[in-house]
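Trainee: For reference, the structure I am asking about is given below.
The values are calculated or read from the model by the stated rules, or taken from the named source; none is laboratory data. The structure displayed is predicted, hence computed values, not measured ones. Neighbour counts run over all protein chains shown; Cβ positions are idealised from the backbone, glycine included.
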């Protein structure tokens, strides 16, 4: 008897398809250099960054947030302004601004509770180990 899980029947898309191989490679190399991480770890962070940005694009009225594990990937992408602007226009139809804030919505876990379903709804692979902290990239008192 063969048992097949429900998950194997689902087709999960590869987030790398959201950018060109050249752009993906450039972002990975930049993250490896900037954050001194392994290539495989940088690939996974950039993949999850792309899933997050796709979820933002798909949900313009919904406040979703990147986990602290994914935010460095977004920063790497933003620093490649030409590629980032092209991606935003193509995928979201608008520029996706990074507006760091720390509010109760984030610290309470409510924002992450909205974010994970939005990520999954994209149809792209979501690696939950990158979405588990629920922490924002912004400290509670950034001006102190």
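Trainee: Do you know which of the residues in the stretch 12-21 that are surrounded by 13 or more Cβ atoms within 10 Å (Cβ to Cβ) and part of a helix (DSSP H, G or I) is nearest to the chain's Cα centre (by Cα)?
Mentor: Among residues in the stretch 12-21 that are surrounded by 13 or more Cβ atoms within 10 Å (Cβ to Cβ) and part of a helix (DSSP H, G or I), the one nearest to the chain's Cα centre (by Cα) is 15.
Trainee: Within the stretch 22-36, identify whether any single residue is at pLDDT 95 or above, in contact with a strand residue (DSSP E or B) (Cβ under 7 Å, 6 or more places away or on another chain), under 16 Å from residue 77 (Cα atoms) and part of a helix (DSSP H, G or I), and answer yes or no.
Mentor: No: zero hits.
Trainee: Can you say whether residue 114 is part of a loop (DSSP other than H, G, I, E, B) and at pLDDT below 95, as far as the supplied structure shows?
Mentor: no
Trainee: Run down 62, 50 and say which single residue is in contact with a helix residue (DSSP H, G or I) (Cβ under 8 Å, 6 or more places away or on another chain) and surrounded by 17 or more Cβ atoms within 10 Å (Cβ to Cβ).
Mentor: Of the residues listed, the single one that is in contact with a helix residue (DSSP H, G or I) (Cβ under 8 Å, 6 or more places away or on another chain) and surrounded by 17 or more Cβ atoms within 10 Å (Cβ to Cβ) is 50.
Trainee: Are any of the residues in the stretch 57-64 out of contact with any strand residue (DSSP E or B) (no Cβ under 8 Å at 6 or more places or on another chain), assigned to a helix (DSSP H, G or I) and in contact (Cβ under 8 Å) with a residue 60 or more places away in the chain?
Mentor: Yes, some residue in the stretch 57-64 is out of contact with any strand residue (DSSP E or B) (no Cβ under 8 Å at 6 or more places or on another chain), assigned to a helix (DSSP H, G or I) and in contact (Cβ under 8 Å) with a residue 60 or more places away in the chain.
Trainee: In this structure, is residue 90 in contact (Cβ under 8 Å) with a residue 40 or more places away in the chain and surrounded by fewer than 16 Cβ atoms within 10 Å (Cβ to Cβ)?
Mentor: Against the criterion (in contact (Cβ under 8 Å) with a residue 40 or more places away in the chain and surrounded by fewer than 16 Cβ atoms within 10 Å (Cβ to Cβ)), residue 90 does not qualify.
Trainee: Still on this model: Just checking, which of 79, 86, 104, 6 is at pLDDT below 95 and more than 20 Å from residue 131 (Cα to Cα)?
Mentor: The conditions single out 6.
Trainee: Which one is modelled with the highest pLDDT, of the residues in the stretch 48-66 that are within 8 Å of the chain's Cα centre (by Cα) and within 16 Å of residue 106 (Cα to Cα)?
Mentor: The selected residue is 52.
Trainee: Can you name every residue in the stretch 93-108 that is outside any loop (DSSP other than H, G, I, E, B) and either in contact (Cβ under 8 Å) with a residue 12 or more places away in the chain or touching a strand residue (DSSP E or B) at 6+ places or on another chain (Cβ under 6 Å) (or both)?
Mentor: 105, 106, 107
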